[in-house]
Amino acid sequence: MSLTAEQEDLRDAVRGLLASAGDPPWRRLCREVGVAGLAIPERYGGAGAGPAEVGVVMEELGRDLIPSPMLGSAVLAAQALLATGDEAACRRLLPGIADGSATAALAWTTRAGRWDSGEVACVARPAGRAGWELDGEAHYVLDGAAADVLLVAARGPAGVGLFEVDPGQAGVSRTAVAAMDLTRELAVVRLSRARGQRVGGDAAGALSRARDLACLALGAEQAGAARRALDLTVGYALTRVQFGQVIGSFQALQHRLADLHVLVESALSLSRAFCAGDGSGSGSGSAEEPALGLRAGAVKVCCSEALMRTAAEMIQLHGAIGITWEHPAHRYLKRAHGAMHLFGSPAQHAAVIAAGLIDR
C-alpha cells in the first residue's frame with residue numbers, strides 16, 4: 001500500500017532528521033516534526049492525525065532501531081488517557097506529552113505480560129479526601145524509569161480504573177530492567193500505599209483501545225525494521241565474495257531472499273492498510289472497536305513473524321559476521337524477540353482472531 005503525498009513528506013522529514021541528528025534525536029523530532037502530538041487532538045496541543053501518520057513515524061524509528069518514548073508515551077499512555085474521556089485530565093496532561101516536554105508511562109501488566117484489560121498488576125482502595133491508595137508491582141512499563149507522568153491501571157471496588165500517580169512520591173519505586181533489546185527501555189514500577197487520583201470511570205475499554213493502537217504502531221515499527229534488515233542483507237549478498245563470485249548470485253540464496261521480500265512487503269502492506277482504517281472509536285463499546293481489535297491482532301501476528309524470520313535469516317546470511325557487536329544484525333534479532341512479546345504474544349492475538357471469526 002502506497003503512502004499519500006503528505007505521508008511521504010512526513011517520512012522524508014523524519015528520515016532526514018534521523019540521518020543528521022546526534023544522539024538522542026527525540027527532542028528534535030518533537031520540536032521540528034511534532035511526532036509526539038501526531039495522534040493527539042488539536043484541542044490538547046496535538047496535530048489531530050491518526051494511526052496512519054503514527055505508523056509512518058514508527059516505520060522510520062524501526063529502520064534503525066531508534067530508542068524513543070514514541071510508543072510508550074505518545075501512543076500507549078496518551079491513547080489510554082484520551083480513551084477515558086476525562087476532559088480535565090486530558091487538558092492538564094496531554095499538551096506536555098504532545099510537545100515532548102513530558103513523557104508518560106502506563107503501568108499495567110503483571111509479570112505474565114498478557115496485557116489483558118481485565119488482568120492488571122495493581123489494586124486501588126479509596127482513601128477519603130486524599131483520593132486513592134494503590135499497591136502492586138507492574139512489569140514491562142515502557143519508559144517507566146524516567147517518565148514525568150505515571151498512569152496506573154488498577155483494580156478497585158467497582159472494577160478496573162486508570163489512576164494518575166505522582167512518580168516522585170515515597171510510595172513509588174521505579175527500577176529499569178535489563179532487557180534483551182537494549183534499545184527498548186522497560187521498567188518495573190512498585191507501588192506501596194501510593195496516592196493517586198482516578199482518571200475517568202471504568203478503564204477496561206480505554207486499556208483495550210490503547211493496547212490495540214499500540215499494536216498497530218508496534219507493527220509499523222516491526223515492518224520498518226524488517227525492511228531495513230532485508231535491505232542490509234541484500235546489500236551484503238551483493239558484495240560478499242565466496243568461491244570467486246558474490247554470494248547473491250547463488251540460486252539458493254536468491255530464493256531465500258525472494259521469500260523474505262514477499263514476507264516483508266506483505267507485512268508492510270498489511271500494517272499500512274490497517275493503520276489507515278478509522279481509529280476514531282470512543283473506546284466505550286462502539287461498533288468500530290471490535291474491528292480495531294481484529295486489525296491490531298492481525299498486524300501483531302503478521303509483523304512479528306516478518307521481523308523474526310527476516311532477522312534470523314539476516315544472522316544466517318551474514319554467515320561470516322554472525323552475532324557480533326561490530327555489526328547491527330544481532331540488534332534486529334533482539335528487537336524481534338522483544339517486540340514479539342510486547343502487548344501480548346502472537347499466539348494470544350491469533351486465538352482472539354480465531355474466536356472472533358468463529359463467533360461470526
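Rule-based calculations on the coordinates, nothing more; no lab input. Note that the coordinates shown come from a computational prediction; the quantities given were computed from them, not determined experimentally. Glycine also receives a Cβ, built like all others from the backbone with ideal geometry; neighbour counts cover every protein chain displayed.
A few comments on the model shown:
- Mean separation of Cα contacts under 8 Å (6+ apart) over length of the chain, as relative contact order %: 17 percent
- Where labels lie 7 Å past Cα in the beta-carbon direction, separation of ILE323 and VAL177 in nm: 2.0 nm
- Top of GLN79, GLN316, GLN197 by mean-square fluctuation, Gaussian network on the chain, Cα under 10 Å: GLN316
- When each of the peptides 47-58, 330-341 is scored by the mean number of other C-beta atoms lying within 10 Å of its residues, the order from highest to lowest reads 47-58, 330-341.
- Against the chain, whose longest principal axis comes from its Cα atoms, helix 288-317 is set at around 40 degrees.
- Three-way shape label, the range 55-137, alpha-carbon gyration tensor, a/c 1.5: oblate
- Cα point-scatterer Debye curve for the chain, base-10 log of I(q)/I(0) at q = 0.08, 0.13 Å⁻¹: -0.39, -0.99
- Estimated inter-spin distance, GLU42 and GLN169, nm [label 7 Å along Cα→Cβ]: 3.7 nm
- Theoretical ellipticity at 222 nm over the chain - DSSP helices of four or more residues, -39500 (n - 2.57) apiece, nearest 500: -15500 deg cm²/dmol
- For the range 205-359, diffusion coefficient by Stokes-Einstein and Kirkwood Rh (Cα), 4 °C, 1.567 mPa s, µm²/s: 78 µm²/s
- Compactness relative to 2.2 N^0.38 Å, alpha carbon Rg of the range 1-51: 1.21
- Each residue of the range 73-89 was assigned a 3J(HN,Hα) from its phi angle through the Karplus expression (A = 6.51, B = -1.76, C = 1.60, θ = phi - 60°), giving 8, 6, 10, 4, 5, 5, 6, 5, 5, 4, 5, 6, x, 7, 4, 5, 5 Hz with x at Gly and Pro.
- Tilt relative to the chain, helix 5-20 - C-alpha long axis, 0 to 90 degrees, to 10: 80 degrees
- The rule of thumb for compact globular proteins, 2.2 N^0.38 Å, goes into the C-alpha radius of gyration of the range 5-99 1.05 times.
- Separation of the PHE243 and ALA158 label points, Cα + 7 Å toward Cβ, nm: 7.2 nm
- Straightening the chain between GLN251 and ALA19 buys 80.1 nm, computed as 0.36 nm per residue apart minus the Cα-Cα spacing.
- For the range 49-200, fraction of C-alpha pairs farther apart than 22 Å, in %: 38 percent
- Angle between the chain longest axis and helix 346-359 axis [Cα atoms, degrees, rounded to 10]: 70 degrees
- Mean Cβ count within 10 Å, highest first, over the residues of peptides 304-313, 186-195, 124-133, 216-225: 216-225, 304-313, 186-195, 124-133
- Protection proxy ranking of 88-98, 235-245, 172-182, 61-71, by the mean of other Cβ atoms within 10 Å over each peptide's residues and highest first, is 61-71, 88-98, 172-182, 235-245.
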